[in-house]
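Written out below as structure tokens is the structure these notes cover.
The values are calculated or read from the model by the stated rules, or taken from the named source; none is laboratory data. What you see is a predicted model, and the numbers here were worked out from it, not measured in a lab. Positions of Cβ are generated from backbone atoms using ideal geometry, with glycine treated the same way; all protein chains shown enter the neighbour counts. The accessibility values were calculated without ligands, DNA or RNA, using every heavy atom of the protein model including side chains. Shrake-Rupley method; radii C 1.70, N 1.55, O 1.52, S 1.80 Å.
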Amino acid sequence: MSGVNKVTIVAFAVMLCILLQTNISKADTFLAGDANGWGFKLNGWPNGKTFKTGDVIEFKYPAGAHNVVKVDQAGFDSCNGAGGQAFTSGDDKITLTQGTSYFICTIGPHCANGIKAAVTAN
């Protein structure tokens, strides 16, 4: 292999790495509930927002007062967290996968009172 071919291959590999890094770094972080956080003042959050696969939703709330449980659509519709993935730190960061992700609070009647969100990532 000639020196020119090696340089071309190395240059191509470097460019490919840069392009891949640029694509990965385009993930955004969204605060669930915006300035109100994860709680009773969601006010239709996330209506009007556009999410991508790989974006992160950050759920901020007083630990112990709320939780976040990632559930399927049936769990979301019925406010049932059984079998869901629970988060309880008060500052939970969840990376979105493609499709719709469903989140509820299972503390008391919180979900039935509106602490729930469905987020669709393209």
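Answer with yes or no whether ASP92 is without any contact (Cβ under 8 Å) to a residue 40 or more places away in the chain, open to solvent by 30 Å² or more (accessible area, probe 1.4 Å) and among the acidic types (Asp, Glu).
Here the answer is no, as ASP92 does not meet what is asked.
Between residues in segment 26-43 that are under 16 Å from GLY90 (Cα atoms) and open to solvent by 70 Å² or more (accessible area, probe 1.4 Å) and residues that are among the charged types (D, E, K, R) and at pLDDT below 90, which pairs lie under 8 Å by C-beta distance while being six or more apart or on different chains?
none
Yes or no, residue by residue, for (1) open to solvent by 20 Å² or more (accessible area, probe 1.4 Å); (2) touching a residue at least 40 places away in the same chain (Cβ under 8 Å); (3) in contact with a strand residue (DSSP E or B) (Cβ under 7 Å, 6 or more places away or on another chain); (4) part of a loop (DSSP other than H, G, I, E, B):
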site	(1), (2), (3), (4)
THR53	yes, yes, yes, yes
VAL69	no, no, yes, no
GLY83	yes, no, no, yes
TYR102	yes, no, yes, no
GLY108	yes, no, no, yes
GLY114	yes, yes, no, yes
ALA118	yes, yes, yes, no
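Only one of (1) closer than 25 Å to ASN122 by Cβ; (2) part of a strand (DSSP E or B) is not met by THR97, so which one is it?
In the conditions (1) closer than 25 Å to ASN122 by Cβ; (2) part of a strand (DSSP E or B), THR97 misses (2) alone.
Mind checking which residues of segment 55-67 are more than 15 Å from LYS93 (Cβ to Cβ) and open to solvent by less than 30 Å² (accessible area, probe 1.4 Å)?
Listed by number, the list holds a single entry, HIS66.
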